[in-house]
Structure formats: structure tokens, C-alpha cells
Amino acid sequence: SDHVGMKIAVATPSRGLVSSRTIDAVMANLPGHEFVGWFLSHDLPIPECAEDVAAKALAAGADAVWFVEEDVIPPPGALEASIRVLASHSIAAVDYPIKQGMGCLSRDAAGEILWVGLGCTLIAREAFEKVRRPWFRIVDGRAYGGHDMYFCREVLKAGLRIGQVPDM
């Protein structure tokens, strides 16, 4: 599919503070793209934070929602490279370290991506349209997180694909 002229919304499920380096890096990625807004949440539990910003982004007419978490600094060209991955996937994720030696992507034995963290992840509108709300839920009794795993599992169940942005 042709993704030229996609309407892009940025979504930051914030708990209050967004790094100035994050803001700079996001703004540096936007020229050349139709930008429909940067949506932030404040003081909500984590799944509701993600749900809130995604819903606002889609309501603004976004063709794709670029999740950038408050402490992630997207590399130059990350949005452009993510848009290219969306030509054949519904989610395009840039891998980033969660802790020493561990990235944000989880794969099965065959190398297919099972789930990704939302830190720097472009999600096509169709992924939200094919998954029943709430899109994000706490799973496995975790006190923190798991909402991204839940969403990715539902996206895969809907027959859609998750891709990694290469070389980032």
C-alpha cells in the first residue's frame, strides 16, 4: 500500500514529564509528513494513558499513530523508516534497550515478532480498527505494563503483522 501523504499523529502516554531531548527528536522527524497533532496524557494509569492518546490521535484523523514514550529519543529518520515498514506490516517498532542486554521486541522460535514495547512504535489505523476496545489492558496480573503485550497479541489474532524497523 502507498503510504505517501500519511497523516501522522504522535502519542505520548505520559505520567507528567516528557524529556526535552524526546521533544527535540520527535520534532526533527516530522518535516515532510502531514502532522495532525501530538497527544499526551497525564496522571492516568498506564493502560488508560495509552488508550487515551490513541483514541485522541485517531479522532484527529491520523492514518498512523507514532507512540513515543516520554523518555525515548527517536533516532533521526525513525519515522520515515517506520512508515516504510508499515507498507507490509500494521505495527513498525524501533528496538530499544529495556535493561542490560534486553530489547523491547519479543520473538518466537521462528523469529516472528510476538510483541513490542511502545517506546518508539508506529501503528497503522487498521490495527486499532481490527482490535476491540479497550486496546490496552494490564495482563498476567502485572502491576506495571503488559498493556503493550496485550495489544500486540490482539493485533496478531486479527491476522495483522508486526515488523521491526531495520538498522535502528
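The values are calculated or read from the model by the stated rules, or taken from the named source; none is laboratory data. Owing to the predicted nature of the structure, the values given are computational and were not obtained by experimental measurement. A quick note on method: Cβ atoms are made from the backbone with ideal geometry, for glycine too, and the neighbour counts reach across all protein chains shown. Note: areas computed on protein heavy atoms with side chains; ligands, DNA, RNA excluded. Shrake-Rupley method; radii C 1.70, N 1.55, O 1.52, S 1.80 Å.
In table form, for the structure just shown:
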| item | result |
| --- | --- |
| Residues of segment 1-23 that turn out to be out of contact with any Asp or Glu (no Cβ under 8 Å at 6 or more places or on another chain) and in a loop (DSSP other than H, G, I, E, B), as a count | 3 |
| Residue in segment 84-118 that is modelled with the lowest pLDDT, counting only those that are among the aliphatic types (A, V, I, L, M) and assigned to a loop (DSSP other than H, G, I, E, B) | ILE98 |
| Residue list for segment 108-118, filter: open to solvent by 30 Å² or more (accessible area, probe 1.4 Å) and within 17 Å of the chain's Cα centre (by Cα) | LEU114, TRP115 |
| Residue among VAL139, VAL94 that is within 25 Å of ARG15 (Cα to Cα) and free of Cβ contacts under 8 Å to residues at least 24 places away in the same chain | VAL139 |
| Search result, residues across segment 119-135 that are surrounded by fewer than 21 Cβ atoms within 10 Å (Cβ to Cβ), part of a loop (DSSP other than H, G, I, E, B) and not hydrophobic (A, V, I, L, M, F, W, C) | ARG132, ARG133, PRO134 |
| LEU156 being open to solvent by less than 80 Å² (accessible area, probe 1.4 Å) and either outside any loop (DSSP other than H, G, I, E, B) or within 17 Å of VAL68 (Cα to Cα) (or both) | yes |
| Options SER1, SER20; residue that is modelled with pLDDT under 90, surrounded by fewer than 19 Cβ atoms within 10 Å (Cβ to Cβ) and among the hydroxyl-bearing types (Ser, Thr, Tyr) | SER1 |
| Selection status of TRP66, over 22 Å from LEU160 (Cβ atoms), touching a residue at least 12 places away in the same chain (Cβ under 8 Å), part of a strand (DSSP E or B) and hydrophobic (A, V, I, L, M, F, W, C) | no |
| Residue identified as closer than 27 Å to LYS130 by Cβ, part of a loop (DSSP other than H, G, I, E, B), under 15 Å from the mean Cα position of the chain (by Cα) and touching a residue at least 40 places away in the same chain (Cβ under 8 Å) among VAL72, VAL26, VAL53 | VAL72 |
| Odd one out for LYS99, checked against (1) surrounded by 15 or more Cβ atoms within 10 Å (Cβ to Cβ); (2) free of Cβ contacts under 8 Å to residues at least 40 places away in the same chain | (1) |
| Members of segment 145-155 found to be among the hydrophobic types (A, V, I, L, M, F, W, C) and closer than 27 Å to GLY77 by Cβ, listed by number | PHE151, CYS152, VAL155 |
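Every residue, every condition in (1) touching an Asp or Glu at 6+ places or on another chain (Cβ under 9 Å); (2) under 24 Å from LYS157 (Cα atoms); (3) not hydrophobic (A, V, I, L, M, F, W, C), yes or no:
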residue: HIS33; (1), (2), (3): yes, no, yes
residue: ALA59; (1), (2), (3): no, no, no
residue: PRO76; (1), (2), (3): no, no, yes
residue: SER82; (1), (2), (3): no, yes, yes
